[in-house]
1. Does Phe92 satisfy the criteria of being in a strand (DSSP E or B), surrounded by 15 or more Cβ atoms within 10 Å (Cβ to Cβ) and at pLDDT 95 or above?
2. So, of the residues in region 25-75 that are in a strand (DSSP E or B) and aromatic (Phe, Trp, Tyr), which turns out to be farthest from the chain's Cα centre (by Cα)?
3. If Asn8 satisfies all but one of (1) modelled with pLDDT under 95; (2) part of a strand (DSSP E or B); (3) farther than 20 Å from Gln121 by Cα; (4) not hydrophobic (A, V, I, L, M, F, W, C), what's the number of the condition it fails?
4. Would you check which residues across region 54-89 are touching a Ser or Thr at 6+ places or on another chain (Cβ under 6 Å) and either surrounded by 13 or more Cβ atoms within 10 Å (Cβ to Cβ) or farther than 23 Å from Gln26 by Cβ (or both) and list them?
5. Name the pairs whose Cβ atoms lie under 6 Å apart, with the first residue in region 28-46 and touching a residue at least 40 places away in the same chain (Cβ under 8 Å), the second part of a strand (DSSP E or B) and among the acidic types (Asp, Glu), and 6 or more positions between them or separate chains?
6. With the structure loaded, tell me whether Leu84 is at pLDDT below 95 and of a type in the set (A, V, I, L, M) or whether it fails that test.
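The values are calculated or read from the model by the stated rules, or taken from the named source; none is laboratory data. As the structure is a prediction and not an experimental result, all values here were calculated from the model. With ideal geometry, Cβ positions are generated from the backbone for all residues, glycine too; neighbour counts draw on all protein chains shown.
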Amino acid sequence: MMRKIGLNVLCASILFASSAHSAPEQMLLLPGITIKREVAAGESMQFRVPFKIKAECVINSNAPANNIYVTMLSKSGSVGDVPLSEMESQEFIIQNGETIKIGAVAGAKVQLKNNGEVEFQASCSVKLW
């Protein structure tokens, strides 16, 4: 019986760790951390926010501008001066080397999608708001 349970847990772990799994990558945004991440064209990633935070992100790529589609999956937040409520989406055009400010309330979940044709690098510094 224990062998069967262990095998099921192993199979489930492999399934969810597989790069072929289609769910967006999820990251936890915590104050005091810096996140550096490369985001491929068409790739999505989700952030969960346990505390009210603000972040400053520098966006760099080989393109002069980057299209980033943001969806506030739960709660609320803002990108630049644009407030977003739960289930609202907005596409932003971010210039290469530009710093954008992001804010989110505790419990927020945000999805970012690279709608551009090239990969970009994001370096984000997260602080309590």
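1. Values: in a strand (DSSP E or B): yes; surrounded by 15 or more Cβ atoms within 10 Å (Cβ to Cβ): yes; at pLDDT 95 or above: yes.
The answer is yes for Phe92.
2. Within region 25-75, the first condition is being in a strand (DSSP E or B), and the residues that meet it are 25-28, 34-39, 44-49, 53-61, 65-74.
Still in the running and aromatic (Phe, Trp, Tyr): 47, 69.
Values: Phe47: 4, Tyr69: 11 Å.
Here the answer is Tyr69.
3. The one condition Asn8 does not meet is (2).
4. Kept after step one, since they are touching a Ser or Thr at 6+ places or on another chain (Cβ under 6 Å), are these residues of region 54-89: 56, 58, 71, 76, 85-86, 89.
The answer is Glu56, Val58, Thr71, Ser76, Glu86.
5. Met45/Glu25
6. Values: at pLDDT below 95: no; of a type in the set (A, V, I, L, M): yes.
Taking the combined requirement at face value, the residue does not satisfy it.
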